[in-house]
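K.L.:
Before I ask anything, here is the structure I am working with.
The values are calculated or read from the model by the stated rules, or taken from the named source; none is laboratory data. What you see is a predicted model, and the numbers here were worked out from it, not measured in a lab. Because the Cβ atoms are built from the backbone with ideal geometry, glycine has one as well, and the counts that use them run over all protein chains shown.
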Amino acid sequence: MSELMSDPMSGGPRVLHVAAEIFPWVKTGGLGDVMAALPPALAAQGVDVRVIVPGFTALLDALPLTDSVRLRTPFSSERVRIGLAPLPGSAVKAYLVDYPAFYDRPGGPYQAPDGGEWGDNHRRFALLCWAAAALAQGADPNWRPQIVQCHDWHAGLTPAYMRAANAGVPSIFTVHNLAYQGYFGAGAFADLALPPEMFSVEGIEYYGGLSFIKAGLYYASRLTTVSPTYAREIQTPAFGMNIDGLLRTRTGVLTGILNGVDPAIWSPENDALLPRRYGVEAVEDGKAAAKQALRQRFGLGDMGDGPLFGAITRLTWQKGFDIMLQALPGLVDQGGSFVLLGSGDRGLEDGFRAVAQAYPGRVSAEIGYDEALAHLITAGSDSILVPSRFEPCGLTQLYALRYGSLPVVRQTGGLADTVVDANSVTLADDSATGFAFDGETPDALIGSVQRAATLYRADPSAWRRVQRNAMRRDFSWAAAARQYGALYRDLLNARD
Ligand code: ADP
């Protein structure tokens, strides 16, 4: 029995997670939240877990390194330092790939301040992947992973580097969003220091160029994504983003595991960002205080007896807020008010500024990114709108459920797996937690908005019951961690 096989779970398997983001230092969306919450949840269940992320300035400034290794790379960058830092408040340690020429830049993790992608992103994330593969080969004499779990395209080359080096360690590739694929022209291949034969249809070649996500999907031992429904959807042409063919060939190793909610950050009982904290028993007072704060912040007028709808979102095609713009007159007709916090597509940003002017006191939008305001909207809205065209898991509706702000969602991906539509059956058996619609049309969305507004206005006690159901649903990271733990066991046992 080799060392890697020895009694995998009793000492806890050593698992390395590879990703580009980790909240609170680097976050552009749900991935950052997941990387902050999943590793500690795994550690709590006995997994010996570490993460590796690019050494972005915000991380290197915040986290003192306790140890480091220097590695010679096959790239023109030649040498890199990989520092080790304990993550505050958890048993998890993070490796930071310290290479300032790549990671010490203004702007976001992927984009320059003008919003354009960095031209050398293939090299920036290849270095992350190569460093993770080096750890899989024992680059840190004190800790060698038994499994490497890679998150989204930024980590996608890791299984390719591991395969090229015969690392002898299994890998998992986790899809958080198949729409972002890390596609680069064929000329980028020369910068990756991979064996030439990997530039092939049976490899990382993709429509004449190369794709980081394809590398992950092709070379990883197992694949996961962040909800069971999305795991099925991405194997179809409608949701498969042109890579469903490959996913169908890997159907036997692909599973969906739902994300969870980090209660230290997202629970109305503990949330220091709210004017008044609340639990399931004091919902009305807590939500009224948050709603009042929202009214002031957004300059909302008298809302009558209609509900306040809220949204917190990246403004991209995926999220369906172009449909929302068309649906807004209908929402106002239903007596609803609406606040939005979001940023992204310039046309959508302008569109929401314009409707806010068209409906003063009823519709308001803040264009930007604001963590504290996201909490206030989640708590102070009666209902959170998530009309996504596709949604791998979705966190905003999970937060909305916790805060008793009944989500209105499109029936897709993780939204379908987490929100139970209120109808005569689910209202009667107390399983309803929100409102769901099918299709991509403003009318379909308005239909659900109307059902929400009617229940809110006409049957307050039924609304309260649905709120209680929603707040009591358990989307814990512990549940997700148990499923990943089972997958790790399975992977290690498969190698006996
Ligand atoms: P995605 O990762 O596709 O953006 P998720 O629903 O999985 O969608 O996660 C979105 C996360 O980003 C949530 O934590 C949400 O609160 C946050 N978020 C999105 N847009 C904003 C914003 N403009 N300001 C603050 N937080 C935001």
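K.L.:
Being within 14 Å of the ligand (Cβ to nearest atom), closer than 18 Å to PHE309 by Cβ, in contact (Cβ under 8 Å) with a residue 40 or more places away in the chain and part of a strand (DSSP E or B): is that true of LEU401 here?
P.N.:
Considered against the rule, which asks whether it is within 14 Å of the ligand (Cβ to nearest atom), closer than 18 Å to PHE309 by Cβ, in contact (Cβ under 8 Å) with a residue 40 or more places away in the chain and part of a strand (DSSP E or B), LEU401 comes out as no.
K.L.:
Scan the stretch 132-171 for residues that are closer than 21 Å to PHE199 by Cα and under 23 Å from the mean Cα position of the chain (by Cα) and jot them down.
P.N.:
ALA132, CYS150, ASP152, TRP153, HIS154, ALA155, GLY156, LEU157, THR158, PRO159, SER171
K.L.:
Let me ask something else. May I ask you to say which residue of THR426, THR433 is more than 16 Å from the ligand (Cβ to nearest atom), buried (at least 24 other Cβ atoms within 10 Å of the Cβ) and among the hydroxyl-bearing types (Ser, Thr, Tyr)?
P.N.:
That would be THR433, the only listed residue that is more than 16 Å from the ligand (Cβ to nearest atom), buried (at least 24 other Cβ atoms within 10 Å of the Cβ) and among the hydroxyl-bearing types (Ser, Thr, Tyr).
K.L.:
Looking only at the stretch 223-241, how many residues end up being surrounded by 23 or more Cβ atoms within 10 Å (Cβ to Cβ) and assigned to a loop (DSSP other than H, G, I, E, B)?
P.N.:
3
K.L.:
Against the condition within 16 Å of the ligand (Cβ to nearest atom) and either outside the structural domain of TYR369 (by TED's automatic domain parsing) or at positive phi (or both), how does GLY30 come out, does it pass?
P.N.:
So GLY30 fits the description; yes.
K.L.:
Let me ask something additional. Among (1) more than 24 Å from GLY306 (Cβ to Cβ); (2) under 27 Å from the mean Cα position of the chain (by Cα), there is one condition ASP429 misses while meeting the rest; what is its number?
P.N.:
Failed condition: (2).
K.L.:
Here are the criteria: (1) touching a Leu at 6+ places or on another chain (Cβ under 8 Å); (2) at positive phi. Tell me which single one GLY208 does not satisfy.
P.N.:
(1)
This table checks each residue for (1) modelled with pLDDT of 95 or more; (2) within 16 Å of the ligand (Cβ to nearest atom); (3) over 17 Å from ALA436 (Cβ atoms); (4) assigned to a helix (DSSP H, G or I).
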position: ASP302; (1), (2), (3), (4): no, no, yes, no
position: LEU341; (1), (2), (3), (4): yes, yes, yes, no
position: GLY347; (1), (2), (3), (4): yes, no, yes, yes
position: LEU373; (1), (2), (3), (4): yes, yes, yes, yes
position: SER388; (1), (2), (3), (4): yes, yes, no, no
position: CYS393; (1), (2), (3), (4): yes, yes, no, no
position: GLN397; (1), (2), (3), (4): yes, yes, no, yes
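K.L.:
Another question about this same structure. If you scan the stretch 144-168, which residues turn out to be of a type in the set (Phe, Trp, Tyr) and without any contact (Cβ under 8 Å) to a residue 40 or more places away in the chain?
P.N.:
Once the filter is applied, which keeps residues that are of a type in the set (Phe, Trp, Tyr) and without any contact (Cβ under 8 Å) to a residue 40 or more places away in the chain, the stretch 144-168 yields only TYR161.
K.L.:
If you check GLY306, GLY301, which single one turns out to be in contact (Cβ under 8 Å) with a residue 60 or more places away in the chain, closer than 26 Å to TRP463 by Cβ, buried (at least 17 other Cβ atoms within 10 Å of the Cβ) and small (Gly, Ala, Ser)?
P.N.:
Going through GLY306, GLY301 in turn, the sole match is GLY306.
K.L.:
Out of curiosity, is GLY115 within 16 Å of the ligand (Cβ to nearest atom), without any contact (Cβ under 8 Å) to a residue 24 or more places away in the chain and assigned by TED's automatic domain parsing to the domain that holds GLY83?
P.N.:
yes
K.L.:
Then there is this: Identify all residues within the stretch 144-186 that are of a type in the set (Phe, Trp, Tyr), within 16 Å of the ligand (Cβ to nearest atom) and buried (at least 23 other Cβ atoms within 10 Å of the Cβ); write none if there are none.
P.N.:
Within the stretch 144-186, just TRP153 meets the criteria.
K.L.:
Across the stretch 358-371, which residue is surrounded by the most Cβ atoms within 10 Å (Cβ to Cβ) among those that are within 11 Å of the ligand (Cβ to nearest atom) and among the charged types (D, E, K, R)?
P.N.:
Only one residue fits best here, namely GLU366.
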